[in-house]
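Below is one structure, written out as structure tokens; the observations come after it.
The values are calculated or read from the model by the stated rules, or taken from the named source; none is laboratory data. None of the values given here were measured: they were computed from a predicted structure. Neighbour counts are summed over all protein chains in view; Cβ atoms, including those assigned to glycine, are modelled from backbone coordinates with ideal geometry. Accessible surface is based on the protein model in full, side chains and every heavy atom, while ligands, DNA and RNA are left aside. Shrake-Rupley method; radii C 1.70, N 1.55, O 1.52, S 1.80 Å.
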Amino acid sequence: MAFDVAYVRGLIPSLGDGWIHLDPQAGMQVPDSVATAVTTSFRHLATAPGGVYPSARAAAEVTDSARRAIADLVGGDAAGVVLGASRYALLSVLAEALAPHAFVRGDLVVTRQDDEPNIVPWLRAAERYAGRIRWAEVDVETGALPTWQFGELITPDTEIVAVTLASSTIGAITDIGEIAPLARQAGALLVVDATSAAPYLTLDIDELGADVLVVSAERWGGPRVSAMVFREPRVIDRLKMMSMDPTATGPARLEPEPLQPSLLAGLVASVEHLAGLDEDVIGKRRRRLVASMDGVYEYLQRLGYYLMSTLSQLNHVNVVGAEENRVPLVSFTVDSVGAKDVVRRLADNGVCALADVPNRALVRMGAPDFGGAVTVGLAPYSTPYEVDHLVRTLGSLA
């Protein structure tokens, strides 16, 4: 069945506010089922897991359910799902949990394409232990991250390779399949940030070959909770204990403190929301997720192509990067108009967009020289009318 955007919009009450939301990098709009799950759980799950009384047992069950939900989302094992407040918090914990010699004696490969949360923890760890950082660069013409360079960057001394699956500003998709064998051959830990890809692509940690996969629920309409998934859960047992609870086992070893159970209930509801975007599919959640995300991908590929083609017809608008293999996230500059002024004009016309998103790739590609970049993105609730309204508003800036 064709993707039903009207059905999806009906699941999200905030879309009735009169605004066109083209800022999914700041968090997609929250479905009613997620908001209900959080508010209901706040009334009944005030305690943390660990006790023997009913509310504590219920909180523990919610935590287990959240691990299973993320495992279904990425095709992984719930025993390898570590939960945290943010990508930065999780990756900082991972950097601290690794043995110091990984940084003292080894190289760390990071990229200009990544968001800061997948860069800064490794830079700080390298600084702390005098490690060596090696940078993968973007192609300034296309915005893609060429994989051929990893053949030179990854050596027998490489310990960590941190890379994004999809750019949060340019949308370019990285071919992780070309990088994973190189990291595996070097014995390096491949850490993939799939946050910007998760709302648009079906994820499979085994197919990607990532050792660690990171996602953030707010990017698909969930609460501000993140997850770090290990392809091989037993790796967690070899890392330093980070939990304040000395009896913690499994993924809880890397969780300094338990998360608020109400937010985890919202996380579960958000994954169920994704699984239900195709209302005709039945079966286990993983099967429903794959079918629903395939429908989302097909719909947004068409709408994303329409967005790119209409933007390119505006002579005073310059799209940053021309990579065709992308998720529907786009950055552009406007001749003689700064990004903040463009975003203000868009807001005056009911469009939510972002200006000057911190991103090393945009800097590398010269966006600040043109007054900064405006970043917009599509979501499963976006429509052709909204794209047309965006383009008309930009056209009035000529």
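A few remarks follow.
- A residue that is in a loop (DSSP other than H, G, I, E, B) and open to solvent by 40 Å² or more (accessible area, probe 1.4 Å) occurs nowhere in segment 113-128.
- Meets criteria (in contact with a Pro (Cβ under 8 Å, 6 or more places away or on another chain) and at negative phi) for Y306: yes
- If the condition is being surrounded by fewer than 16 Cβ atoms within 10 Å (Cβ to Cβ) and assigned to a strand (DSSP E or B), then segment 134-166 contributes only W135.
- Any chance A95 is hydrophobic (A, V, I, L, M, F, W, C), over 28 Å from M293 (Cα atoms) and either part of a helix (DSSP H, G or I) or open to solvent by 10 Å² or more (accessible area, probe 1.4 Å) (or both): yes
- Residues that are surrounded by 24 or more Cβ atoms within 10 Å (Cβ to Cβ) and under 18 Å from L267 (Cβ atoms) within segment 204-213 comprise just one, L213.
- Listed by position, the helices (runs of 4 or more DSSP H) contained in segment 300-398 that have at least 3 residues being surrounded by fewer than 16 Cβ atoms within 10 Å (Cβ to Cβ) are 339-348, 384-395.
- For D206, the conditions (1) farther than 24 Å from P24 by Cα; (2) touching a strand residue (DSSP E or B) at 6+ places or on another chain (Cβ under 9 Å) all hold with the exception of (2).
- Picking from residues in segment 28-56 that are modelled with pLDDT of 90 or more and outside any helix (DSSP H, G or I), the one that is most open to solvent (accessible area, probe 1.4 Å) is V30.
- Criterion: in contact with a Leu (Cβ under 6 Å, 6 or more places away or on another chain), at pLDDT below 95 and over 25 Å from T333 (Cα atoms) - qualifying residue of A126, A194, A97: A126
A quick yes/no check of all residues on (1) without any contact (Cβ under 8 Å) to a residue 60 or more places away in the chain; (2) crowded, with 24+ Cβ neighbours inside 10 Å; (3) part of a loop (DSSP other than H, G, I, E, B):
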residue	(1), (2), (3)
S168	no, yes, yes
G177	yes, no, no
A180	yes, no, no
Q185	yes, no, no
L190	yes, yes, no
S196	no, yes, yes
T202	no, no, yes
V215	no, yes, no
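- Residue match in segment 253-268 (condition: open to solvent by less than 20 Å² (accessible area, probe 1.4 Å), modelled with pLDDT under 95, at negative phi and part of a helix (DSSP H, G or I)): yes
- Unique match (being surrounded by fewer than 24 Cβ atoms within 10 Å (Cβ to Cβ) and either closer than 19 Å to R87 by Cβ or polar (S, T, N, Q) (or both)) among R238, R224: R224
- D72 within 20 Å of I205 (Cβ to Cβ), of a type outside the set (K, R) and open to solvent by 30 Å² or more (accessible area, probe 1.4 Å): yes
- Qualifying residue in segment 274-290 (condition: outside any loop (DSSP other than H, G, I, E, B), open to solvent by 10 Å² or more (accessible area, probe 1.4 Å), small (G, A, S) and closer than 19 Å to G75 by Cα): no
- The single condition from (1) buried (at least 22 other Cβ atoms within 10 Å of the Cβ); (2) within 22 Å of the chain's Cα centre (by Cα) that A59 fails is (2).
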